Amino acid sequence: MTQATDRTVLITGCSSGIGEATAARLVRSGWDVYATARRPETLSTLADAGCTTLALDVTDETSMTTAVDAVLEGAGRIDALVNNAGYSQSGALESIDVADVRRQFETNVFGLIRLTQLVLPTMRQQRSGRIVNIGSMGGKLTFPGGGAYHASKYAVEALSDALRFEVAGFGIKVVLVEPGLITTNFEAAVTAAMADYVGGEGPYADFNAAVMKSTSEAYDGPMARFGGPPEAVARTIEKALTRKHPKPRYLVTPSAYGAIAGRRVMPDRVWDLAMKAQFPQPR
C-alpha cells in the first residue's frame, strides 16, 4: 500500500467531521481520493482540494453499486475503503420507533457490509487492499439511552473481527478504528435524531431529555477536553492505511482509552451504579 500506484481510496460520509478530515488529509498525501456523501453538493471544499466527489447513500443498493463502478471506471482499482458513514440514534429502547432502529442499522451496519462486499472482488483480484471500519468506544461499552447506537457499533466490532480473518489470505487487511469523544457536529445529529422522543409526559420523557442534555454537555462541557478533533482520527486512519503491518484496532482520544479501560475493570453492577449517578433512572 506504500507504492505510488496503490493509492486509490473510497471514503463514505465525507460531508463533515471524520470523513471530511480524512479525505482532506489523504488527498494532501497524494492519494487518489473518492470522497462521498448522500448529498454531493456538501463536498465542494473537498472537490476544490483535489478529491473526486460522488453521491453515495449507504442505505441504497443502486447508489452503492454506482459509486463503486465509478471508482473502478476512473481509477481502475480500489486500494482502500474507509467505512465512515454513520450516526447515533439515542433514546430509551421502548420509546424508539422500530423504523428508526432499522434506519440506524441500515446506515451503521448493513451499508458497511454491502459496500465491503462490493469492493472485495476487486481487492481479491489485486491480492491487496485495506478496509478501515470506523467503530467507536461505544462498541466496547454502553451508556443508558444509547442501546440502538451501541448495538450497531458492537456489530461493527464483530464484523471487523470476522472479516479480518476471512480476507487475510487474499492480501487484504482489515482495521477497526475506535474513536472516543470527537469534537465535531456529531452531537447535533444525535439531538436531531432524538427530537421526536423528547417532551410530552410518557414514562421515558425525563430520561430522554436527560440523555439529550448529557450528550450536548459532553461535547460542550468539561468532558470535551478528553476528546479530540476529527483530524486526530484522520491521522490514525492514514496510519492504518499505510503501515505495512497495521494493528487490528486503534483507539483515538483519551476518552476512548479511559472509558474502555474503566469499563473493562468494572463489574456490571458497579457500572450500573456509575450510570445511575449520571442519568435519572426511568420509574
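Every number here is computed from the coordinates shown, using simple stated rules; none is lab data. What you see is a predicted model; the values in this text were computed from it and never measured. Heads up, the Cβs are rebuilt from the backbone with ideal geometry, glycines too, and the neighbour counts pull from every protein chain shown.
Quick look at the numbers
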quantity: Beta bridges by DSSP in the stretch 8-276, antiparallel share as percent, to the nearest 5; calculated: 0
quantity: Calculated FRET efficiency for the pair ALA158/ARG243, C-beta based, R₀ 25 Å, to 0.05; calculated: 0.60
quantity: Using θ = phi - 60° and Karplus 6.51 cos²θ - 1.76 cosθ + 1.60, couplings along the stretch 178-183 (whole Hz; Gly, Pro as x); calculated: 10, x, x, 5, 10, 7
quantity: 3J(HN,Hα) from dihedral phi, the stretch 269-274, Karplus parametrisation 6.51/-1.76/1.60, rounded to Hz, x for glycine, proline; calculated: 5, 5, 4, 4, 5, 5
quantity: Two-site FRET efficiency, ASP100 against ALA205, from Cβ-Cβ distance with R₀ of 25 Å, rounded to 0.05; calculated: 0.90
quantity: Equivalent ellipsoid semi-axes, the chain, via Cα gyration tensor eigenvalues times 5, rooted, Å; calculated: 33, 20, 17
quantity: Reachable lysines from LYS239, criterion Cα separation under 29 angstrom, eight or more residues apart if same chain; calculated: LYS140, LYS153, LYS173, LYS247
quantity: Principal-axis tilt of helix 254-265 within the chain, Cα atoms, nearest 10 degrees; calculated: 60
quantity: Angle between the chain longest axis and helix 17-28 axis [Cα atoms, degrees, rounded to 10]; calculated: 20
quantity: The stretch 77-161: trypsin sites (Lys or Arg not before Pro) in DSSP coil with no more than 13 other Cβ atoms inside 10 Å; calculated: ARG127
quantity: Interchain or long-range residues, amide H under 5 Å from LEU251's placed H; calculated: GLU178
